[in-house]
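Peer 1: Sharing a structure with you now.
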Amino acid sequence: QVQLVESGGGLVQAGGSLRLSCVADEHTFKSKALGWFRQAPGKEREFVAAVSWSGNATYSANPVKGRFFISRDAATNTVHLQMNGLKPEDTAIYYCAAASFWLLTTSPGYRDWGQGTQVTVSS
């Protein structure tokens, strides 16, 4: 059974940092590309960043490029999203998701999803 469990969300002031974590089951972690999406109230879910199953390739969306960094920790089957220079417009629920192919940047391409973690950035 696929398991994706996010943590690390919270309330932070603009300019601050947060690190999100997503613990995956071992099979998913070793065989799937893992990505982060976010959804703000009243908006569609949007792609944030992804890392390939091998960890050799990463990709970030333009709105977060240079501020957010995705990484994998094979020792703990965890994908991290380091978020720096946070802005109020980064406020959203952040979801971890798994895909069988690389590189997918739309949500229909991801079959399995975590429950999400709330990130709120105050101005």
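The values are calculated or read from the model by the stated rules, or taken from the named source; none is laboratory data. Note that the structure is predicted; figures quoted are calculated from it, not measured. Positions of Cβ are generated from backbone atoms using ideal geometry, with glycine treated the same way; all protein chains shown enter the neighbour counts. When the accessible area is computed, the model is the full protein with side chains, heavy atoms only, and any ligands, DNA or RNA have been set aside. Shrake-Rupley method; radii C 1.70, N 1.55, O 1.52, S 1.80 Å.
Peer 1: Find the relative contact order for segment 39-104 and round it to a whole percent, using C-alpha pairs within less than 8 Å whose residues are 6+ positions apart.
Peer 2: Values: 62 pairs, mean separation 18.6, N = 66.
Normalised by residue count, the contact order of segment 39-104 is 28 percent.
Peer 1: Follow-up question, since we're still on this one. Indicate, rounded to the nearest 5 percent, the antiparallel portion of the DSSP beta bridges found entirely in the chain.
Peer 2: 90 percent
Peer 1: Next question. Probe of 1.4 angstrom, ligands and nucleic acids ignored: what's the accessible area per residue over the chain, in square angstrom?
Peer 2: On the way: 6370 Å² over 123 residues.
So the chain comes to 52 Å² accessible per residue, rounded to a whole number.
Peer 1: Can you give the relative contact order of the chain as a percent, counting alpha carbon pairs under 8 Å and 6+ residues apart?
Peer 2: Over the chain, the number comes to 35 percent.
Peer 1: Quick one: compute the contact order of segment 66-123, relative version, from alpha carbon pairs under 8 angstrom and 6+ residues apart, as a percent. Each step should come with its number before you reach the end.
Peer 2: Working: 73 pairs, mean separation 19.2, N = 58.
Value for segment 66-123: 33 percent.
Peer 1: Amide H neighbours of G16 under 5 Å, counting only residues 5+ apart in sequence or on other chains, H built in-plane at 1.01 Å?
Peer 2: Counting only residues 5 or more places away or on other chains, the set is L86.
Peer 1: Name the residues whose placed amide hydrogens come within less than 5 Å of the amide hydrogen of G10, ignoring near sequence neighbours (fewer than 5 apart) on the same chain.
Peer 2: Placed amide hydrogens put V119, T120 under 5 Å from G10.
Peer 1: Using a 1.4 Å probe on the protein chains only, how many percent of the accessible area of the chain belongs to carbon and sulfur?
Peer 2: That fraction is 50 percent.
Peer 1: Segment 22-123: which chymotrypsin sites (Phe, Trp or Tyr not before Pro) are DSSP loop and have at most 13 other beta-carbon atoms within 10 angstrom?
Peer 2: Listed in order of number, the matching sites are F101.
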